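What follows is calculated from the coordinates using simple rules that are stated; it is not laboratory data. Everything numeric here is computed off the predicted structure, so don't read it as measured data. Note that each Cβ is placed from the backbone with ideal geometry, even for glycine, and that neighbours are counted across all protein chains shown.
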Amino acid sequence: MTRSLSVGIDIGTYHVKVVVAQNQREIDKGLPRIVATGFAESKGLRHGYVLNHTDVTQSVELAVRQAEKSAGIKIRKAHVSVGGISLSGSVSTGSVVITRADGNITDREIDEVSEASRGSLPQSASQNRKIIHTIPIQYKIDGKVALGNPIGMKGSKLEAKSLSISVLEHHADEIISAVENAGIIVEELVASPIAASIVTLTKTQKIAGCLLANIGSETVSIVVYENGIPVSLEVFPIGSNDITNDIALGLKIPLEEAEEVKRGSLIGASYPKKKLDEIVTARLSDIFELIEAHLKKINRNELLPAGIVLTGGGASIETIAEFAKTTLKLPSRIAPISLGDKNKAPIRDASWSVAYGLSIIALTADDESETLFPAVSKTFGKIISWIKQFLP
């Protein structure tokens, strides 16, 4: 059974965003309708880490109450994002012997091979960490690649190659505690890049192969898709604030003014364009060198037909799309976020994509008919459904 209303809470370093969405698929088969939003300055966080528990709780409360007032409902539970530099993805493999007399692969074997895959992670990827998603990249039956869902197929040995997305356990517990102290039950923790991809990437892009890069204030998070599945995730400790700081130092201007200069929104001021371009280009080079190095590490550099899609506050830099295209030698574009004519809530840009994606995941989490592939990811004992792409 699919719920009619859902809530997504995106807790970022600078802002907390809340989206309340209503299931409209039975009516127009499109994206869920946004019925309310909430927004508050985020306090008590640094690079995604909770530094002041009370401040984070108060920020969540403020954004939630705003959404409640707009929607005319009491929010009691939500899907919540987790990001920051403690978020990471690791690929591992595992295998199980099929012991059923008929050799059939069932949900039990899928669960067992998923657990075996997680168990083969190196200590560095599992110690003090909480695995929040385990995503199957590839299945093999008796050494041969099994396309699609292996349930119902026969064999004697099942192998799985999986992407495990984890976060520092202490960080995850702090986020959950801060939200629950605001009176909200955390249904699921979802990695921010996965949530954002629900509304910023199309099904075609995910199948062809693409990279979504969220240029945040203090971090850059990337997720790589192939064949409709996330195959790699990474977070870098650099962000658009570093560009702002460089502009402030280079031009000897206040930070607030430097932020406006970076976004191109400062009216009536004149600065040497050549020097400004040099400052911005130097920091963008640092960002895209990290992305390129990661693509080389996973053997995907210059091999993603759908290219790189940019989102987040840093994506508003005027030259960033062209810079990404030149540096990575891939097609590049700024992520659009189409919310439809029926959405009257004040969402203006892709910075809301995480909160909106969370609300979509929440709407479909109880409906196994909407899964992209068999549910194999568990968080706090509950199965997460991986979402069909709703974009047209």
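Quick notes
- Projected label distance in nm at Glu302 and Ser265, using a 7 Å step from Cα toward the beta-carbon: 3.8
- Cut-off under 5 Å, modelled amide H: who pairs with Ser232 long-range: Val224
- Taking the convex hull of the alpha carbon positions in the stretch 237-280 and averaging its projected area over all directions gives 2.9 nm².
- Additional length obtainable on full extension of the chain from Val97 to Lys77, 0.36 nm per residue less Cα span: 3.2 nm
- Summed residue charge, Cβ within 12 Å of Gly307's Cβ, Lys/Arg positive, Asp/Glu negative: +3
- Kirkwood Rh in Å, taken over all unlike Cα pairs in the stretch 1-147: 18.8
- Note on the chain: Rg/Rh from C-alpha atoms, Kirkwood Rh, equals 0.98.
- Look at Thr200, Thr54, Thr93, Thr37 and count the other Cβ atoms within 10 Å of each Cβ; fewest to most, that gives Thr54, Thr93, Thr37, Thr200.
- Counting Lys and Arg as +1 and Asp and Glu as -1 over every other residue whose Cβ lies under 13 Å from the Cβ of Asn227, the net charge comes to +3.
- Panel values: the stretch 110-197, Kirkwood radius from alpha carbon pairs, Stokes-Einstein at 37 °C and 0.692 mPa s, translational diffusion coefficient 218 µm²/s.
- The chain - mean residue ellipticity at 222 nm from DSSP helices (-39,500 (n - 2.57) per run, n ≥ 4, rounded to 500): -10500 deg cm²/dmol
- For the cross-link pairs Lys161/Lys206; Lys161/Lys325; Lys154/Lys297, the ones whose C-alpha atoms lie over 24 Å apart are Lys161/Lys325; Lys154/Lys297.
- From phi via Karplus (6.51, -1.76, 1.60), per-residue ³J(HN,Hα) for the stretch 325-330 in Hz, x at Gly/Pro: 4, 5, 6, 8, 6, 9
- Note that the stretch 220-334 carries a Kirkwood radius of 15.1 Å, evaluated over its alpha carbons pair by pair.
- DSSP beta bridges fully contained in the chain are about 80 percent antiparallel.
- In plain terms, the chain from Ser124 to Ser285 could stretch by 55.1 nm, reckoned as 0.36 nm per residue minus the Cα-Cα distance.
- The slack in the chain from Glu257 to Lys157, taken as 0.36 nm per residue of separation less the alpha-carbon distance, amounts to 29.8 nm.
- Between Ile308 and Leu211, Ser332, Arg333, the built amide H atoms are under 5 Å apart, and every one of these is 5 or more places off in sequence or on another chain.
- Rounded Å value of the spacing that divides the Cα centres of the stretch 138-175 and the stretch 252-329: 35
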